[in-house]
Structures are given as structure tokens and as C-alpha cells.
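To start, the structure under review is shown below, and the notes come after it.
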There are 2 protein chains.
Amino acid sequence: MTFSLHLLAAQELTANLMQKILALIVMLSLSWGCSNDPIPNTREKVNASHSAHDSLMQAMNQNQKATLKTLGVLVYDGVNDLDYAGPLYVLGQMMGIERKLISIEDGPVMTVMGVELNPDATIDEVDQLDLLVIPGGARGTILAAYDDKLLSWIRKIDDNSLYTASVCTGAWILAASGLLEGRKATTNWYRAEEMLEKYDAQFVPERYVRDGKCWTAAGVTAGMDMALAMLEDLRGFDYAQAVMLDMEYDPAPPILGGSPGKTRPAVTQMMTAMYDQGVLPLIDSLDISRIQ
Amino acid sequence: MTFSLHLLAAQELTANLMQKILALIVMLSLSWGCSNDPIPNTREKVNASHSAHDSLMQAMNQNQKATLKTLGVLVYDGVNDLDYAGPLYVLGQMMGIERKLISIEDGPVMTVMGVELNPDATIDEVDQLDLLVIPGGARGTILAAYDDKLLSWIRKIDDNSLYTASVCTGAWILAASGLLEGRKATTNWYRAEEMLEKYDAQFVPERYVRDGKCWTAAGVTAGMDMALAMLEDLRGFDYAQAVMLDMEYDPAPPILGGSPGKTRPAVTQMMTAMYDQGVLPLIDSLDISRIQ
């Protein structure tokens, strides 16, 4: 389904109904283990008790680790569609949060799958974010990792963010900004250790890694796992489980695979060779330009 | 990483290099079990044998179930970001396929998470597709399921498609078109049986279901599992495993959840109540208008 908590809160419900739902969430959260009633099969509306709105909302707010107002997700030409959309979908469901797709320059952005997006703002227009997510890609990601203006903006945002995160090769950008120096981190499996060591970060082969205020995810779909862990950290177990149910995230890959250890060696070698041919000449040429 | 096979093929490689990679894929595919060499740590380029291009490409083509030229993904205001992006990412990596985001009307489309997309075409401009994917959402999905012009277009496309698929509540649209009548299907967990029975389809509580040329996926992230199964069907195990590795799809949800059976009953009830309040009045009003 797609009825995000946020959507309901922001766009489709009156303030009054939102209060009722907030109350309902807290009421049900407090009733842990007390209720095993099945989902009603008839279309009876669930009648929440409205008697103690204020105290219930207070309890709900107490479950927040921090008051977060802004979530920014970087996008750029060649950004991976799932790298940006996964964390946006999970973290963007925090009630009351403002979501922004932020581009490096004005104008539409083309994803790696050829989807044209109209971002909400450019880096010149954003001075502060509570959460920043840096998605990966391939050529566009490498260009971004050598863009001094962008790297400086990332450091500025990190100065006042609660968390700064990357997905997949987005860690190459985050690492290039210097913010992963001396930290443990993860990234896409492709030449992971080499790419992080280049920026004095230590690769840890986990689905996601948290070190201080930096969160990093492995390749593409790992961004969803990381974002759910962040959501649990920020809003608690029930909130994270509600969003997981909304996205029916009970994965069942049809075949074995998804990481080098579960993939036929020949397939991993083929993909590595393909990536090598696609990215190494660009990295080498940018490194040489930088030295000169 | 985001170096999609398609992207490399279509945008970033010369035709000559593409041929080398095709050859490499086939060569490595044919060497199943023969190679356990680790990924080279040095930046040596993998030298594919170029000696038998034609026969290798022929072998690769023989691995195709059908020659697919066009993949169309429906988008509309309120479409779920992951419902459309998951299958687009997986199926869009088939070499040589043309991907289209297709909207009902002209102009940009706003996803459920507030992302503005510029679609590639409208339904008026598309007469034929080899693969059609219908993603879900909430209010926008319900409106689409009562849009006779859209439903007629879906039936027309299905007449000549290889597969017609839905993700999440996209099955409500597909079912409303009549194409799931008498078929087994799945959809988002929310009132799944009721919503499919309404259109004489039989709900099967699986991650994805194939019945004839119709494929249906459960909620949101199930679209990735379905698309990978379709890819394996269309291009074989190695191709599907290569794309799984590209998207590092080795999921590790940080907490238990993602389906009603794995979720605290109180959370499931809360989400059901929230969806009820968001969608039932709209469905009821549209059903009444239709009868009148």
C-alpha cells in the first residue's frame, strides 16, 4: 500500500483526524500484548478513545529521540533510483518532517534508469538539514565525489545535522568530503575496501554501519535496511514496524544472490569487469587532474 | 552500485565495447563451475576473448525467452515511489529495452512521497508494450481503478503484451480492468481478499503470483521480488543474479515485521484503521456513483 503516515498526516487528513490517529497509535502502543483481536472484517470504523488526547500525544512525543524537521536527499544526474527512493520512503514517513530532493544545480535531474525528476531545491538554497542522505550511482557519483563545492556543502550540513548518511557508492561522496576519516563504514561491494581506504575510512562488510553520526549502507537496497534502523532509533520499534508493514517489507528473493558470497563467481567477475571498464578510467583521469 | 547493464549498454559504452561485454557475459556463463578466481585486486582490465563474437552473441540471444523491446510503467499522482521504481530498476536492465514512464494525462506526476516526475508519454501516445507494470498507491490508485479510459487502455495493451503485471494496490487497477477475472492474484495485505473478490479474482497470500500472462506482487517491496522472478524467466538465472548483485539485494531487515503475521497485532490494527479512514469513504462514494 502507499498510505504513508506522513501523507495521511500532511495531505489527506484534517488536523482533528490526525490527532485521533496519533492518539490511536499511542493507545495501541501502550496496549502491547493486551490485544490479539483480528482485523475487523466488516467495515466498522475503529473508534479511538478521544478522552486523553494531550497525555497520549505527550507519550508519543516522548518516544521521539529528537525533533526532526527536515530530511534532505541529494540527487544528481545518474543517481540510482532505489538508492534515493528507499530511504526517502522510509524516513519520509516521519510525521511532520519536511522532505526535500536537493540537486547540485538548477533544473531537472535524470536518474540512472532514465527517470526525469524535478528536485525541490539546490544546494545553494539549503543551509540546514536534520537528516542528509547521499545516494550512489556510477559516473555521476564519481563526478560528485570530485566536486569541491558539493563536498564543502556536505560538511556544512553535517555541522548541524543529527545524522548524515550514505547509500551504496554514495559513501564515495561522503568519504571524499572527509567525514568518514578514521570511521568504520560500508558501501557497495565493488572494490569497497579500496574505495574507502582511499579516504582513510575502514570498510566493514555489513548491511549498514553506524559510526558516530555517520550512517552508511551497502549497495542500493541496503539503503532500506539502514533507513529502517534509523527510523527505529529515532521513533521506536512500533513506528518502524508500522512503516515496514506499509511497505510490506518481508523480502523473499526468488533466487540466491545479492552479495558476492551468494553469487556465482563467474557472475561477480563479470560485473566487476563491467564496472571496471565503466568507472576506473574516469576515476584515474580525475585523480590525475587533481594531482596536476 | 548503479551501473545498470542497460545504462552501460545504451549510454556509456561504444557498440564495440558492448559487444565485448556481451561476449564476456556469455563466456563467463558458459564457464559455470570452472572458475573460482577471486576478483582481481589490481586494476588489470579483464581481457575478453574476441575471437567468437558472433557465436557467443547467438548463445546469449538463445537465452532470451522473447525479444522484448518496450517496458512501460504506469505512473499517476499518488503513485508509490517504490512500487514503480523497483520493477523499473530490475526489468529496465534488460539490454536493449526501451523504458517508458507512462502517465494518464499530460504534465508532471507527484508520487506519494512528494517527488515530481516528468513522464515519458501519456496513455494516448502508447499503443503497444511488451511489458506493462501497474504500480499501486492509495487515493490515486482508487481513482485510477474507476477511470474507464485507463482501464480500456490497459486491456488494449494486454492484448499484445507478453506480460501484464501489478505491484501492491496496483492489482486493484488491474482487477478493475477485468484482466484478473477468474485468476489467482496477490496484492497489498490490506483487505486483500475483499479487494480482489470484488473483481472475481482469487487472493493467494504469496509474495508474487503468476497466472497466465498476469503477474501480481504483494505490497510495495514485493515488486522487486516479482520483477526478479520475471527477469529470471525472461533472461535466465545468470542475468537475474547479475542484476541482484548490482542492486546488492541480500536483504537484512533490522527488525521483525513486514507482513501482518510478523507484526504486533496492535500495529497491524492501527495501520488497518488508518487505511480504512483514508480509503473506504472514497471507495464507497465511487461505488455509489457507479451504481447511480
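None of the figures in this text is laboratory data; all of them are computed from the coordinates on show. No experiment lies behind these values; they were computed from the predicted model shown. Quick reminder, even Gly has a Cβ in these numbers, built from the backbone with ideal geometry, and neighbours come from all protein chains shown.
Bridging of A:Lys198 to aspartates and glutamates at a Cα separation below 20 Å is possible for A:Asp147, A:Asp148, A:Glu181, A:Glu206, A:Asp211, A:Asp276, A:Asp284, A:Asp287, B:Glu44, once same-chain residues fewer than 8 apart are set aside.
Quick check: from the Cα gyration tensor, does the stretch A:162-292 come out rounded (a/c under 1.5), prolate or oblate?
Numbers: a/c = 2.66, a/b = 1.33, b/c = 2.01.
It is oblate, given that a/c is not under 1.5 and a/b is not larger than b/c.
Other protein chain C-beta atoms within 10 Å of residue C-beta, averaged over B:99-106: 1. For B:Lys100, a cut-off of 17 angstrom between C-alpha atoms picks up these aspartates and glutamates, skipping any fewer than 8 places away in its own chain: A:Asp81, A:Glu116, B:Asp77, B:Asp81, B:Asp83, B:Glu116, B:Asp120, B:Asp124, B:Glu125, B:Asp127, B:Asp130, B:Asp158. Taking GluC sites (Glu not before Pro) across the stretch B:170-279, the ones in a DSSP loop with at most 12 further Cβ atoms lying within 10 angstrom of their Cβ are B:Glu181. Across the stretch A:279-290, rounded Karplus estimates of 3J(HN,Hα) from the backbone phi angles (6.51 cos²θ - 1.76 cosθ + 1.60, θ = phi - 60°) give 10, 4, x, 5, 4, 4, 5, 6, 5, 5, 4, 5 Hz, Gly and Pro being marked x.
Where a ≥ b ≥ c are the square roots of the eigenvalues of the C-alpha gyration tensor, would you call the stretch B:182-221 rounded, which needs a/c under 1.5, or, failing that, prolate if a/b is larger than b/c, or oblate? Since a/c reaches 1.5 but b/c is at least a/b, the shape of the stretch B:182-221 is classed as oblate. For the stretch B:73-83, backbone phi angles converted through the Karplus equation (6.51, -1.76, 1.60; θ = phi - 60°) give residue-by-residue couplings of 10, 6, 9, 7, 4, x, 5, 6, 4, 7, 4 Hz, Gly and Pro being listed as x.
Ascending distances from the A:Glu197 label point to its copies in the other chains, with the point 7 Å along the Cα-to-beta-carbon line: 6.1 nm. Put simply, the Cα atoms of the stretch B:70-244 extend 39, 36, 31 Å along their principal axes, the longest span coming first. Counting Lys and Arg as +1 and Asp and Glu as -1 over every other residue whose Cβ lies under 12 Å from the Cβ of B:Gly261, the net charge comes to 0. Taking amide H atoms as placed 1.01 Å from N in the peptide plane, the amide H of B:Ala201 lies under 5 Å from those of B:Gly182, each 5 or more residues away in sequence or on another chain. Using a 7 Å projection from Cα along Cα-to-Cβ, the label point at A:Glu181 is separated from the same position in the remaining copies by 6.9 nm, smallest value first. Pairs of Cα atoms nearer than 8 Å and 6+ residues apart set the relative contact order; for the stretch B:101-235 it is 19 percent.
Counting Cβ atoms of other protein chains within 10 Å of each Cβ in B:236-243 and taking the mean gives 5.
With a 10 Å cut-off around each Cβ of A:74-81, the average count of Cβ atoms from other chains is 3.
Distances between copies of B:Gly212, taken at a point 7 Å out from Cα along the Cα→Cβ vector and listed shortest first: 6.0 nm. Annotation for the stretch A:179-211: trypsin sites (Lys or Arg not before Pro) lying in DSSP loop with at most 15 further Cβ atoms inside 10 Å of their Cβ are A:Lys198. The charge dipole of the stretch A:70-244, taken about its Cα centre with unit charges on the Cβ atoms of Lys, Arg (+1), Asp and Glu (-1) only, comes to about 360 debye.
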